[in-house]
Each structure stands twice: as structure tokens, then as C-alpha cells.
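Taking it in order: structure first as C-alpha cells, then the write-up.
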Amino acid sequence: MRKALVLEGGSMRGLFSAGVIDVMMENDIEYDALIGVSAGACFGCNYKSKQIGRAIRYNMRFCRDWRYCSARSLLLTGDFFGAKFCYHRLPDELDPMDKETYESNPMDMIVVCTDVHTGKPIYHAINELTSNNMEWMRASASMPFFSRVVHVDGYDMLDGGVSDSIPVQYALDQGYDKIVVVTTRPEDYVKKPIGHDGLIRLAMRKYPRMAQAMLDRHRMYNRELKLIKQLEEQEKIYVIRPDQPLDIGRIEHDAGKMRTAHETGRLKGELVMEELKSYLEAEI
């Protein structure tokens, strides 16, 4: 059986997912692929390098460092989350990723980005920790208005969550038999329209299809939630989600709130672990 783990984004809400996957790693849960969107990709990559606790460690360490995440960074570099600092210096020097373990792990690491010209998702495998691949990772998490468009391998891209927030259908299309989904919103969440249509179209006038994808995101997201619920009721997928809204901002500088979100994910992971193992081990 081929197993996939799907991780939603949500910026700092992704620390909930980071807590869940830390518990999965501690319990030696293995997947054939991890499909991550935005923060789900940035934090989920630690699964492939088997670095338990790395995501919460560096977020708490650098949450007040302007180079990591700040309006100053946005003003000086064009990115709220500093591109060179977050995606190159941090993983290379300050809190290094385990390159040898990452690249020897057979699990595929797939990130989701949005093509700004088409407004459609692009799925890209990152199985080597090259500088080029880290730009794909950056693209997946580059929020419109808070980031520059990322140019890599002939593509112009932004946040994957705009076009495919929870890529369960993609996992199904790839033929995975067992799919585990970690979302960062509680079960009763419904996404509302973003509003400000005229301002968005004006700000994204160079990329009208990206603007339309942003305006349509709530419809796409709610369709994905409906699909997830249907598949969950049919016991075709296994879903892990917070019981209550997480008390953390999309952009967060409070290390205490970060720790709480991560600990909430850990507690949820521990609570569902035996049920999760049963789902993964059961015959189809």
C-alpha cells in the first residue's frame, strides 16, 4: 500500500501540524510521500530529514528577528519572511537541515505552488536540498502582497494555498491507497470571501488569473473541505485537525503562542496515534 501525508498551510497555524508530525516521527510512522502546501511544506520538510522539534525550535528562536519575519524585512527586501534568511542562511547555517538524511530518505517531498499567470497549482518534488529547490519551497509559502513573485525553473509563482489549499484530490489522483490529512482549522470552519475585489484586481493587475484565483479561493477551499468530509465518513482517508480555533496569528511574534500551537498539535497526535496506526495498517 502506498501512503501519503497531506499538510495544509496557514502560516504560523502550521505549528499545529509540526507538533502532530513530531509525534508521528517519534512513533516511526512512515509515508511514501508528503504533500505540503505553504507552511505545510516548510515545516513538513523536517519529516524527510527526520528532525523532530526543529520547526518549533527555530521559529521560537527567530520569531523576533527582523530578518526572519517583519515589516522591516518587507520594506527592505520585498518579502515579509526574508527570502535569503529563511530559505538559505537558516537551513544552511543557523539551524541546519540534515541534508544526508533528507536525501537518503525515499519518501517523496512534494510542494504545491500557484502559477501567477494561470492561477493553477503546480506540484513539484523536492528530493534534494539544492538552492534551486529551496526557491520552490519559498514559492509555496510566498503570500500575495507579503512576498515577491518567485521566479524559478521558468515559472513565476506564489502561495500554493491560493490554488490548492488541501491537496487531497491530487493525492487520490496519484494513486495513494492510504491518505492522512492534517488541517489547521477545526471541523466546523467555513472560509468566507476575501472581499475587496477591486483592490485585489488592481494590485494584481499584471496577473489577472492569479487575482481571480484569490477571489475564488473560498469556493475552492470549501469544496475541498466537503470532499475531505465525504472521504472521512467513508473511511477512505484519516483526518487530524484541531478541536478549537488556534490562538495564533498567521504572522506571529509571540513565542509563547507558538509553543502552545505546537503543543496542541503534539497532544492531538498522541491522542489519535493508536487509531492512526490502525487506519494505516488496515487492509483495503
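Computed quantities for the displayed model
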item	result
Residue in the stretch 60-76 that is out of contact with any His (no Cβ under 8 Å at 6 or more places or on another chain), open to solvent by less than 10 Å² (accessible area, probe 1.4 Å), under 24 Å from Ala213 (Cβ atoms) and in contact (Cβ under 8 Å) with a residue 24 or more places away in the chain present	no
Some residue of the stretch 196-219 being surrounded by 12 or more Cβ atoms within 10 Å (Cβ to Cβ), within 18 Å of the chain's Cα centre (by Cα) and not hydrophobic (A, V, I, L, M, F, W, C)	yes
Yes/no for Glu232 being open to solvent by 40 Å² or more (accessible area, probe 1.4 Å) and touching a strand residue (DSSP E or B) at 6+ places or on another chain (Cβ under 7 Å)	yes
Answer residue from the stretch 122-170, given it is surrounded by fewer than 21 Cβ atoms within 10 Å (Cβ to Cβ) and polar (S, T, N, Q) and is nearest to Gly14 (Cα to Cα) among those	Ser147
Meets criteria (closer than 29 Å to Glu281 by Cβ, free of Cβ contacts under 8 Å to residues at least 60 places away in the same chain and among the hydrophobic types (A, V, I, L, M, F, W, C)) for Ala125	yes
Residue in the stretch 108-116 that is farther than 20 Å from Tyr221 by Cα, open to solvent by 20 Å² or more (accessible area, probe 1.4 Å) and touching a residue at least 12 places away in the same chain (Cβ under 8 Å) present	yes
Residue list for the stretch 1-21, filter: over 19 Å from Asp247 (Cα atoms) and open to solvent by 10 Å² or more (accessible area, probe 1.4 Å)	Met1, Arg2, Lys3
Residue within the stretch 262-271 that is open to solvent by 30 Å² or more (accessible area, probe 1.4 Å), touching a helix residue (DSSP H, G or I) at 6+ places or on another chain (Cβ under 8 Å) and free of Cβ contacts under 8 Å to residues at least 24 places away in the same chain present	no
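The values are calculated or read from the model by the stated rules, or taken from the named source; none is laboratory data. It should be emphasised that the depicted structure is a prediction, and the values quoted were computed from it without experimental measurement. Quick reminder, even Gly has a Cβ in these numbers, built from the backbone with ideal geometry, and neighbours come from all protein chains shown. Note: areas computed on protein heavy atoms with side chains; ligands, DNA, RNA excluded. Shrake-Rupley method; radii C 1.70, N 1.55, O 1.52, S 1.80 Å.
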